[in-house]
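The structure appears right after this line, and notes come after that.
The values are calculated or read from the model by the stated rules, or taken from the named source; none is laboratory data. Computed from a predicted model, the values in this text were never measured in an experiment. Note that we place each Cβ from the backbone using ideal geometry, even for glycine, and neighbour counts take in every protein chain shown. Please note that ligands, DNA and RNA were not included when accessible areas were found on the heavy atoms of the full protein model with its side chains. Shrake-Rupley method; radii C 1.70, N 1.55, O 1.52, S 1.80 Å.
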Amino acid sequence: MTDEQAIRVLIAKPGLDGHDRGAKVVARALRDAGMEVIYTGIRQTPEMIAEAALQEDVQVVGLSILSGAHLELFPRVVSALDERGVDDVLLFCGGIIPEADIATVQEMGFTGVFGPGTNTEAIIEFVRDHAASPAA
Amino acid sequence: MDAAELIAGVGNGDRRALARAITHVEADTETGRAVLAGLYPRTGQARTVGVTGSAGVGKSTLVGGLARAQRERGRSVGIVAVDPSSPFSHGAILGDRIRMQDLTSDSGVFMRSMASRGNLGGLAETASGVVDVMDAAGYDVVIVETVGAGQDEVEVATATQTTVLVTMPAGGDEVQSLKAGLMEVAQVMVVNKADLAGADTAATQLRALLAIAGERPWKPPILKAVARAGEGVEELVEAIDDHQAHLRGSEHAEEARRDLARAQVISLARAALHREALDAARRAGLLEELVEEVAARRRDPRSAAAALLRGVKDGWARERD
């Protein structure tokens, strides 16, 4: 068989805002690009996100946030992943991240930052180019 | 992590090793096969439960309730939730965690989402491998949730000891369509969303269908539930426990174990044979050759299939000599 294993991506919404349209659009676009997307829904704590990433053995975690709490929540997601030894996932984020915060967020490990109006093709390309291969 | 490390990790309760082992089993890698071989002697302890039924009958909600009820009894729970892949992109959106969010923070629960076509072996074969890994990891109860949409999915449910068929009041057509295969393999039946009109009719129809199926050593109970409100979940746990006690205690226990083992070996051998025979026919160009002849109506499909099998067998015989 020559089929390649699909890239597994976790899409989650940390924090309290309940608007998940963007997250769903991204989830669907990645699905249509042949990836397996685990969508965990809204109001996820950093621990829930990290635990789901561990159990699902994903190569990629994408967070969508509109509440403005990214500088507080993102580092907690990163440390919850570290605590669990999940140190090899590709991180990206979307939603409302002010221009001034982008560099900070990238330093935390969220190498892909996709604001409103991003073409989903750009996200697909980013994931394909940077995700580790499954079961490596 | 190599196979030996994964096997040790799964045995030590290392959740990351468990997750990675499942990935290898799902991808049917060398490592995955070695892990399964190494872990198999430790399996056989878990109660394995399959939950199946059409899309939208409330399986995820019911599985969530079932897992919580098992946790209240002090049992750890592994969950394998299978969702369909897109036939176009082969990608999938796996959303079963949404209805089980609270279980993510419970260290006595391990949940894994699986796409129906995200594996290189057959779906049923892969799922039973994942169940074995969770069993070996020491989970007391392992639940497999799958959409009962096709033969593959039905087979997934039969890879477990107790199969629960979930339906809902939706008129006779729904129940009628269940006759095809699913009725025979279910040990517990649940009419979910029983607060909707027609629940009693649906239960009566199931009862009538069961009566047609004839006498069997285990008589599947028919339960009513409202999973969203947690109603009927306790009864479901008890029905599953009853069936498990029946499997373990009765004079049929040995027979049931052998039946399950036979079904698994046959299903794996069939998948391997299928794959290897078709691969061989493809490599030799025989498949395309025969397809052309059939398409041009120079040969009928049945004799083409027989010729293909002959060609493959001859090829294997030559390899052996």
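Some notes on this structure:
- Qualifying positions in region A:3-57 - more than 10 Å from chain B (Cβ to nearest Cβ) and polar (S, T, N, Q): none
- Hey, B:ALA296 over 23 Å from the mean Cα position of the chain (by Cα) and either within 17 Å of B:MET189 (Cα to Cα) or not assigned by TED's automatic domain parsing to the domain that holds B:MET168 (or both) or not: yes
- Hey, B:ILE79 at the interface with chain A (Cβ under 10 Å from one of its Cβ atoms), of a type outside the set (Phe, Trp, Tyr) and closer than 27 Å to B:GLU235 by Cβ or not: yes
- When residues in region A:58-79 are screened for being aliphatic (A, V, I, L, M) and within 11 Å of another protein chain (Cβ to nearest Cβ), 1 of them pass.
- Considering residues of region B:264-299 that are acidic (Asp, Glu) and open to solvent by less than 70 Å² (accessible area, probe 1.4 Å) only, the residue nearest to B:GLU125 (Cα to Cα): B:ASP279
One line per residue, one yes/no per condition, for (1) modelled with pLDDT of 90 or more; (2) closer than 25 Å to B:GLY108 by Cβ; (3) among the acidic types (Asp, Glu); (4) touching a Phe, Trp or Tyr at 6+ places or on another chain (Cβ under 9 Å):
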| position | (1), (2), (3), (4) |
| --- | --- |
| A:GLY18 | no, no, no, no |
| A:GLU36 | yes, no, yes, no |
| A:MET48 | yes, yes, no, no |
| A:ALA52 | yes, yes, no, no |
| A:GLN55 | yes, yes, no, yes |
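- Failed condition for B:ALA55, given (1) open to solvent by less than 50 Å² (accessible area, probe 1.4 Å); (2) at pLDDT below 95; (3) part of a loop (DSSP other than H, G, I, E, B): (1)
- Flag for B:ALA34 being assigned to a helix (DSSP H, G or I) and open to solvent by less than 60 Å² (accessible area, probe 1.4 Å): yes
- For region B:242-265, a tally of residues being touching a residue at least 60 places away in the same chain (Cβ under 8 Å) and under 25 Å from B:MET168 (Cα atoms) returns 2.
- Selection from region B:266-291 of residues that are under 14 Å from B:GLY315 (Cβ atoms) and in contact (Cβ under 8 Å) with a residue 24 or more places away in the chain: B:ALA277, B:ALA280, B:ALA281, B:ALA284, B:LEU286
- When residues in region B:1-29 are screened for being in contact (Cβ under 8 Å) with a residue 12 or more places away in the chain and in a helix (DSSP H, G or I), 19 of them pass.
- For region B:21-29, the condition of being open to solvent by 50 Å² or more (accessible area, probe 1.4 Å) and at positive phi holds for none of the residues.
Rundown of residues vs (1) in contact with a Pro (Cβ under 8 Å, 6 or more places away or on another chain); (2) at pLDDT 90 or above, yes/no style:
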position: B:ILE222; (1), (2): no, yes
position: B:ASP242; (1), (2): yes, yes
position: B:ALA284; (1), (2): no, no
position: B:ARG298; (1), (2): no, yes
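- Condition check for B:ILE222: assigned by TED's automatic domain parsing to the domain that holds B:ARG71, β-branched (Val, Ile, Thr) and free of Cβ contacts under 8 Å to residues at least 12 places away in the same chain: no
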